[in-house]
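A short write-up of the structure that comes next.
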Amino acid sequence: MSPAHAAQPPRILIVGGGYAGLYTALRVLKKLRGNEATVTVVDPRSYMTYLPFLPEAAGGNVADRNLVAPLRPTLEKADVVTGHVVAVDHTRKTATVVPAAGDEYELAFDYLVVATGSVSRTFPIPGLAEHAIGLKTVEEAVSLRNHVLWQLDKADSTTDPEARRKALTFVFVGGGFAGVEAVGEVEDMARDAVKNYRNISRADMRFILVEAANRILPEMGPDLGVWTKEKLEQRGVEVYLNTSMESCADQQVILKNGVETPASTIVWTAGVKPSPLLTGFGLPLGPRGHIDTAATLQVQGFDYVWSAGDNAQVPDLAVGDGAWCPPNAQHAYRQAKVLGDNIVAHLRGRRQKEYKHANLGAVASIGVHKGVAIMFGKIKLKGLPAWWFHRLYHGAMMPTVNRKIRVFLDWTLAMFLRRETVALPEMAHPRDAFVDAALPQPRLRRADRAGGLSFAAGNDHTGGVTATP
């Protein structure tokens with residue numbers, strides 16, 4: 001502990017309140033004795049999002065507020081700051097914090113944990129920033145759901161064939177877990193919703209999944225990836241492998257394989273990258289921008305800084321030399337436990353442990369009663385058994401008992417009640433109705449102003465989704 005901080009208990013500063021940050025804080029708080037140390041968590045959002053449930057939220061199977069864990073009640077013994085850490089001074093051991101309101105200030109620390117997570121990885125594709133939406137936040141998931149349902153409303157209400165074709169074409173880019181689960185859940189929702197419309201049917205809708213590699217769900221192995229592709233195609237989803245999107249300017253999607261179509265809905269799930277804020281932290285970064293850590297989760301060259309989760313390059317000792325842990329919730333959760341124990345061990349002058357975890361497997365849901373799973377590298381499940389396993393696993397992993405119960409209640413009610421397929425597109429422009437009432441002359445708002453939205457891909461610093469008419 002530095003002399004400047006000697007008068008107070010040492011501060012453990014955790015940058016990021018996502019999966020790794022939240023569980024690290026919980027672990028440390030559980031292990032600390034009395035005034036042994038204080039914990040401060042800084043995050044631009046006041047809640048942690050359980051990312052594996054985002055596709056289900058987009059499909060309307062889980063309520064949005066039930067897939068987030070509020071930080072303050074979950075971390076009652078910690079100081080929670082809503083804001084950003086934009087820079088770190090390692091000489092003085094201070095972090096520059098930009099709060100949600102007011103001026104920036106410096107926060108002294110003795111131990112630092114960096115768990116800023118990841119953001120959508122994008123490429124300079126014409127029209128991508130203007131017309132696509134990612135699936136990294138609960139706001140994006142809810143906006144996607146409202147947007148898709150609104151396209152059905154638009155298509156049912158018009159006689160213009162080109163407008164209908166554009167509204168009913170849904171393009172998903174990225175064949176990993178997020179993309180496959182998203183197209184599966186959204187197609188399932190749209191299939192249910194279209195039963196309520198007189199002028200459109202499932203046959204009028206076009207779903208496209210684009211993947212640059214030669215298979216989807218590579219983590220599942222080739223056979224489960226092929227099975228999933230076949231099942232999606234049986235449901236009418238066009239799956240294009242070994243191709244990419246070259247442009248979506250003016251909502252005209254052009255694929256490398258020559259396919260071209262207008263589309264009002266373009267979902268981008270083609271990978272993630274570490275938070276760009278890491279460049280101001282003065283820490284060693286790997287070739288792809290991840291923080292370079294040792295197996296103890298300590299940052300290379302720093303005995304008071306640790307990192308874990310999506311923004312960390314952690315050696316995968318279970319695989320062997322040169323392997324790194326993949327950015328998923330399974331590793332983030334278990335890394336956080338080891339990281340929390342190691343901070344407390346360092347605080348008490350004890351030896352730290354190395355992180356080693358063999359992959360337990362992977363699960364994916366592609367709609368209600370449909371899924372794939374692989375466990376321990378050997379046991380493979382398909383269809384309904386995989387879907388049940390997916391729900392049991394992720395339901396159990398959901399943070400806090402409160403949220404676990406709420407998620408299971410959502411699923412239980414869905415067994416007896418029809419899925420809600422109501423679009424709330426004006427949530428993207430909540431003040432429009434009031435502005436219209438306040439204007440001296442009423443204005444006629446076009447349908448595309450009310451809900452035909454173009455989404456800005458990626459995550460901004462506030463965590464909101466930018467939508468433009």
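Computed 3J(HN,Hα) for segment 395-407, one whole-Hz value per residue from the Karplus formula 6.51 cos²θ - 1.76 cosθ + 1.60 where θ = phi - 60°, is x, 5, 7, 4, x, 6, 5, 3, 6, 4, 4, 5, 5, glycine and proline marked x.
Could you point to the label whose value was computed as volume of the Cα convex hull per residue in Å³ for the structure here, given (1) 217; (2) 161; (3) 285? Matching entry in (1) 217; (2) 161; (3) 285: (2).
Taking each of K370/K404; K30/K93; K30/K382; K231/K404 in turn, the alpha-carbon distance tops 28 angstrom for K30/K382; K231/K404. One decimal place: the segment D223-R33 gains 63.3 nm when fully extended, by the rule 0.36 nm per residue minus the C-alpha distance. Packing-based ranking of 45-53, 9-17 yields 9-17, 45-53, ordered from highest to lowest mean Cβ neighbour count within 10 Å.
At K380 and R235, where each label point lies 7 Å from the Cα along Cα→Cβ, what is the point-to-point distance in nanometres? It works out to 2.0 nm between the two label points.
Counting beta carbons within 10 Å around each of Y240, Y111 and listing the fewest first gives the order Y240, Y111.
When both segment 135-204 and segment 329-354 are represented by their alpha-carbon centers, they are found 43 Å apart. The gain in end-to-end length when the E106 to E260 segment is fully stretched comes to 50.3 nm, 0.36 nm per residue minus the alpha carbon separation. Listed peptides 407-419, 138-150 appear in the order 138-150, 407-419 once ranked by packing, highest mean of other Cβ atoms within 10 Å at the front.
If R0 is taken as 35 Å, the Cβ-Cβ distance between D89 and R351 corresponds to a FRET efficiency of 0.75. Ordering G258, F416, A362 by Cα displacement along the dipole of the chain toward the positive end leaves F416 in first place; charges were set at the Cβ atoms of Lys, Arg (+1) and Asp, Glu (-1). At a Förster distance of 35 Å, what's the computed FRET efficiency of T412 paired with A433, Cβ-Cβ distance as r, to 0.05? Computed FRET efficiency for T412 and A433 comes out at 0.50. Per-residue extension of 0.36 nm, minus the Cα-Cα distance of D303 and L317, leaves a gain of 3.0 nm for this segment.
Values in this text are rule-based calculations from the coordinates and carry no lab data. The shown structure was predicted, so the numbers you read here are calculated from the model rather than taken from an experiment. FYI the Cβ positions are ideal-geometry reconstructions off the backbone, even for glycines, and counts take in every protein chain you see.
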